[in-house]
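K.L.:
Sharing a structure below in C-alpha cells format, with a few things to ask.
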Amino acid sequence: MTVQPLSLEVARRIIRRGLALSAAGLLGLAVVYLLALEYTPVEARQGLAQKIFYLHVPAAWSALLAFSLVGVASALYLWLHDARLDRFAAASAEVGVAFSAIMLTTGPIWAKPIWGTWWTWDARLTLTLFLFFLFVGYLALRAAVQDPAERARFSAVVGILGMLLVPFIHLSVYLFRTLHPQPIVLKPTAPSLPPEMLRTLLISFAVFTLLYVGFVTARYGLALAEEARDAA
Amino acid sequence: MPEVIHLALAIAAKDIRVELRSRTALVSALVFAALVLVIFNFARDPTALSATDLAPSALWVTFALASMVALNRAFTIERENGALDGLLVAPVSREAIFVGKLLANLAFVGTVELVTLPLFTLFFNVSLWTVLPGVLGVAALATVGFVAVGTIFSAMAVRTRFAELMLPVLLLPFMVPPLIGAVQVTTRLLAGRPLSEMLGWLRLLALYDVVFVTLCTLVFSAVVDE
Amino acid sequence: MPSHDGAALLEARGLQRSFGRVRILHGLDLSLRPGEALAIIGPNGAGKTTLLRLLAGLIRPSAGEVRILGQRLGRDVGSARHGLGVLLHQSLLYDDLTLLENLTFAARLYALDRPGAVAAAALEAAGLADRGGDLPRRLSRGLLQRAAIARAMLHSPRLLLLDEPFTGLDATAAARLRTDLQRRLAQGLGVVIVTHHLAEVWDLASRVAVLVGGRWAADEPRTGTLEAFLPRYQELIGA
C-alpha cells in the first residue's frame, strides 16, 4: 500500500493566509464597533440597543452565505468528486455554525429591550435557527462516518437538500404572519436609512465577509494539515 | 420507464412482505403514536386550552415522531446479510430502489396515520367526518414530502453507529415546512374555513413534494453507490 | 444462449482503488474469456475482496475501468448486469422471507419470466427443494451457502464472480458445485473465484492469479499439480 503525497508546507501556507485575513477581519470588526458606537446616530424608537443591528444582520448574512456555499460545493462535489470541494464545504459549515450561533445570541440580546421578549419568531431569527440546525446535522453526520469518500458523499447529499430547504423555510415563515413581518433577511429596520447607518452597515457586511473568507481559509488549511499528518 | 415502476413495485412489495412477517416497526410506531397522543392529552390543562386549539398540532407532531420510528426500518433490513448488495449488483436502477423504498415507507407511515386518526378523534373529541377527505388529502400531501427526505436520510443513518439519533437530527428541520403547512390547513379545515384560505399552504406542500421527491430520487445513487 | 464468439466477458485495465489516502489496488489488468475459470489467490489483506467488489461494480475504481460483457458498469446500470452473477461473503438473503420467496424476488430483479417457477427450479437444482419454505435464519451455514450460490446462478449468467464459494460446503455439495460450474464453463460461462481454498478450485481453474499487496505477483495458466505449485506460491507471497 502506498500513500499519495500531501504537502504539510502547502497546508501551513494556507493557514497563515487564512489567519492573516481573519486578523484583518477582526481589526475591521473593531472598526465597526467604533463606528457603530460613535459615528452612527442613535435611533429614535429603539435607542442604543438598536446598534446591535450592525452585527446582527451581517452575521446572519454570513451564515446564509456559508450555507449557500456548502450547498454549491456539495452539488459540485457530486458532479466532480474533487476532495477539495468536500474540504471546503466542511470548513464553510464549521464557520457557518459559529456565525449562526453568534447571531442567535445577539438576536435575543437585541430583542429583549426592543420587543420585551428574548425570542421572537421573526423571519431573520427563524431562518438562522434553521441554518444552525442544518449545520449541526451536517457536522454530526460528518463526525459519524469514518470512510472519507463516504463522508464526502453523504455530506454532499445533506448539503444539497439543505440548500433547497432554505427557500421553503423562508416561504413558510413568510406565509405564517409573524410578529414583525420582515420577509427578507436583508431588509433594514427602517424604510430609509440615514447615510451613516447605511455606510456602517455596508462596512460591516464587508468585514463579516472578510471574516468568513479568513476563517474558512484557515479551517481549510487546518483540514489539509490534518490529512497530511494522518497520511505520514 | 415501465421497467423502473415494475422494479420499484417489486421492491416495495418485498418490503411490505418482510414487515408483515415481523411487524416490529409497524407495531412500535403505532404504540408510540398512541402514547404521544395520550401524553398530549394529559399535558394540557383542559380549562385553559381547548381540545380543538391543540388538536391539529398534537396530531401532526404525533405523525412526525411516529414516522421517524418507522423510517429506519427500510434500510436496516438491507443490512442483514448484505442484502443491499444483492439489489446493487442486479440490473436495477438506483432510482427504482429509492422509489420502491419510498412506496413501502409511505405504506407504513400511511398505515400509522390511518390507525392514529380514529384514536385522535376519540382522545380529543374532535369530529372529522365532514372534513375527512380534506384531512386525508393534506395528510397525504404532507407525508409524501417528509417521508421522501426521511427515506434518503435513513439510508445514510443506518450506515453510521447512531442510526436512531442521526435520523431525527438530520430530518427534523426538513419536517418543518410540511408540518407547518399541514397544521395550518388542518386547523382551517376543522374551523370550516373556505378553501381559498388554504390554497397558499397547499401549494407550498405540493411544491415541496415535487422538489424533494425528485431531488431525493436523483441523489440516491450518491448514497448507495461507492 | 451463450456463444463461443471469443469476445472477452470481463476486461479490466489499470484498476486502482484507494481508501482515503491509502491505495489498496495498484493498476491491475485483468481479462476473462468464455470458458475460462480464473482463481485469484493471495494472503489476507492483499485486496482480493476489494477487487471482486470492483469487478462486480459495487465500488467505483479510483482509476482505470471495468468492462463486463463489453459494457462499462456505471450509474447507468446497463443491461450487462443481466449477464452477471455475484456471490459475496454474505448470503444477500432476507431473514424474514423464505428461500423460495427470496429467490423469487431475485428472479424479479433480473426480469425473468415466471419468477416463481425459475426460483423453484433453482432450489431443485441445488438440492434445496424441500427447504424452500424455510427462513434463512433456520438454515446451517452450508445450506445457506448453497442457497446463496443458487441465487447467484438463477438467471443463467454468462459471468460469475464468486467470493469463497466453497466455504461451509460439505464434500457432496462441493462436488455438486464443481460439476455444475464445469458444465457451465463448457457452455461458455466465465468464472472468477476468489479463494483461500486452493485445493477446492485447483482442478476447476484454467488460470491462477496471485494478488500480493494490491499487485499481481503472478497471472498464468494453471498447469501441473497443486503440490508443485505450493512452494512457488509461498515464495510469491513471501516476496
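K.L.:
Taking the options A:Trp61, A:Trp79, name whichever one is part of a helix (DSSP H, G or I), within 22 Å of A:Pro194 (Cβ to Cβ) and either of a type outside the set (Gly, Ala, Ser) or without any contact (Cβ under 8 Å) to a residue 40 or more places away in the chain (or both). Steps first, answer last, please.
P.N.:
Numbers: A:Trp79 fails: within 22 Å of A:Pro194 (Cβ to Cβ).
Being part of a helix (DSSP H, G or I), within 22 Å of A:Pro194 (Cβ to Cβ) and either of a type outside the set (Gly, Ala, Ser) or without any contact (Cβ under 8 Å) to a residue 40 or more places away in the chain (or both) holds for just one of A:Trp61, A:Trp79, which is A:Trp61.
K.L.:
Restricting to segment B:24-63, what's the tally of residues that are farther than 13 Å from B:Asn125 by Cα and of a type outside the set (A, V, I, L, M, F, W, C)?
P.N.:
The qualifying residues number 7.
K.L.:
Let me ask something else about it. What are the pairs with Cβ atoms under 6 angstrom where one residue, in segment B:179-208, is of a type in the set (Lys, Arg) and the other, located anywhere, is buried (at least 20 other Cβ atoms within 10 Å of the Cβ) and at pLDDT below 90? Sequence gap at least six, or different chains.
P.N.:
B:Arg188/B:Met198
K.L.:
I need the helices (runs of 4 or more DSSP H) fully contained in segment C:63-164, keeping only those with at least 2 residues that are within 11 Å of another protein chain (Cβ to nearest Cβ).
P.N.:
Numbers: elements: C:99-109, C:115-125, C:141-153.
Correct list: C:99-109, C:141-153.
K.L.:
Restricted to segment C:14-62, and to residues that are within 12 Å of chain A (Cβ to nearest Cβ) and among the basic types (Lys, Arg), which residue is surrounded by the most Cβ atoms within 10 Å (Cβ to Cβ)?
P.N.:
Result: C:Arg17.
K.L.:
Here are the criteria: (1) touching a residue at least 60 places away in the same chain (Cβ under 8 Å); (2) within 13 Å of chain C (Cβ to nearest Cβ); (3) under 25 Å from B:Leu165 (Cα atoms). Tell me which single one B:Ser22 does not satisfy.
P.N.:
(1)
K.L.:
Give the residue, chosen from B:Val69, B:Val61, B:Val92, B:Val112, that is in contact (Cβ under 8 Å) with a residue 12 or more places away in the chain and either surrounded by fewer than 19 Cβ atoms within 10 Å (Cβ to Cβ) or of a type in the set (D, E, K, R) (or both).
P.N.:
Sole residue among the options that is in contact (Cβ under 8 Å) with a residue 12 or more places away in the chain and either surrounded by fewer than 19 Cβ atoms within 10 Å (Cβ to Cβ) or of a type in the set (D, E, K, R) (or both): B:Val61.
K.L.:
Report the residue count in segment C:114-144 for those that are closer than 16 Å to C:Glu200 by Cβ and crowded, with 22+ Cβ neighbours inside 10 Å.
P.N.:
Of the residues in that region, 0 qualify.
K.L.:
Out of C:Arg183, C:Arg232, report the one residue that is over 27 Å from C:Ala147 (Cα atoms), without any contact (Cβ under 8 Å) to a residue 24 or more places away in the chain and in a helix (DSSP H, G or I). First the steps, then the outcome.
P.N.:
Details: C:Arg183 fails: over 27 Å from C:Ala147 (Cα atoms).
Of C:Arg183, C:Arg232, the one residue that is over 27 Å from C:Ala147 (Cα atoms), without any contact (Cβ under 8 Å) to a residue 24 or more places away in the chain and in a helix (DSSP H, G or I) is C:Arg232.
K.L.:
A further question on this structure: Here is a list of conditions, (1) surrounded by fewer than 17 Cβ atoms within 10 Å (Cβ to Cβ); (2) more than 19 Å from the chain's Cα centre (by Cα), and C:Phe229 meets all of them except one; can you say which number that is?
P.N.:
Failing condition for C:Phe229: (1).
K.L.:
Test A:Glu150 against the stated conditions and say whether it is within 13 Å of chain B (Cβ to nearest Cβ) and either farther than 20 Å from A:Leu201 by Cβ or touching a residue at least 60 places away in the same chain (Cβ under 8 Å) (or both). Walk me through it before giving the result.
P.N.:
Values: within 13 Å of chain B (Cβ to nearest Cβ): yes; either farther than 20 Å from A:Leu201 by Cβ or touching a residue at least 60 places away in the same chain (Cβ under 8 Å) (or both): yes.
In short, yes.
K.L.:
Looking at B:Gly192, B:Gly145, which one is surrounded by fewer than 23 Cβ atoms within 10 Å (Cβ to Cβ) and over 15 Å from B:Asn72 (Cβ atoms)? Reasoning before the result, please.
P.N.:
Numbers: B:Gly145 fails: surrounded by fewer than 23 Cβ atoms within 10 Å (Cβ to Cβ).
Among B:Gly192, B:Gly145, only B:Gly192 is surrounded by fewer than 23 Cβ atoms within 10 Å (Cβ to Cβ) and over 15 Å from B:Asn72 (Cβ atoms).
K.L.:
Okay, moving on. Regarding C:Gly238, is this residue within 14 Å of chain A (Cβ to nearest Cβ), under 17 Å from C:Gly47 (Cα atoms) and not hydrophobic (A, V, I, L, M, F, W, C)?
P.N.:
Working: within 14 Å of chain A (Cβ to nearest Cβ): no; under 17 Å from C:Gly47 (Cα atoms): yes; not hydrophobic (A, V, I, L, M, F, W, C): yes.
Considered against the rule, which asks whether it is within 14 Å of chain A (Cβ to nearest Cβ), under 17 Å from C:Gly47 (Cα atoms) and not hydrophobic (A, V, I, L, M, F, W, C), C:Gly238 comes out as no.
K.L.:
Further question: When the residues of segment A:1-58 are narrowed to those that are within 14 Å of another protein chain (Cβ to nearest Cβ) and either assigned to a helix (DSSP H, G or I) or modelled with pLDDT of 85 or more (or both), which ends up nearest to C:Lys48 (Cα to Cα)? Step through it out loud before you land on a result.
P.N.:
Applying the first criterion (within 14 Å of another protein chain (Cβ to nearest Cβ)) to segment A:1-58 yields A:1-8, A:11.
After this cut, where a residue has to be either assigned to a helix (DSSP H, G or I) or modelled with pLDDT of 85 or more (or both) as well, the list is A:8, A:11.
Details: A:Leu8: 33, A:Ala11: 35 Å.
Selected residue: A:Leu8.
K.L.:
Taking the stated definitions as given, is B:Leu170 among the aliphatic types (A, V, I, L, M), in contact with a helix residue (DSSP H, G or I) (Cβ under 8 Å, 6 or more places away or on another chain) and touching a residue at least 24 places away in the same chain (Cβ under 8 Å)? Even if it seems obvious, please write down each step before you answer.
P.N.:
Values: among the aliphatic types (A, V, I, L, M): yes; in contact with a helix residue (DSSP H, G or I) (Cβ under 8 Å, 6 or more places away or on another chain): yes; touching a residue at least 24 places away in the same chain (Cβ under 8 Å): no.
Here the answer is no, as B:Leu170 does not meet what is asked.
The values are calculated or read from the model by the stated rules, or taken from the named source; none is laboratory data. Since the model is a prediction, treat every value here as computed from it, not as a measurement. As a convention, Cβ positions derive from the backbone with ideal geometry for all residues, glycine included, and neighbour counts pool all protein chains shown.
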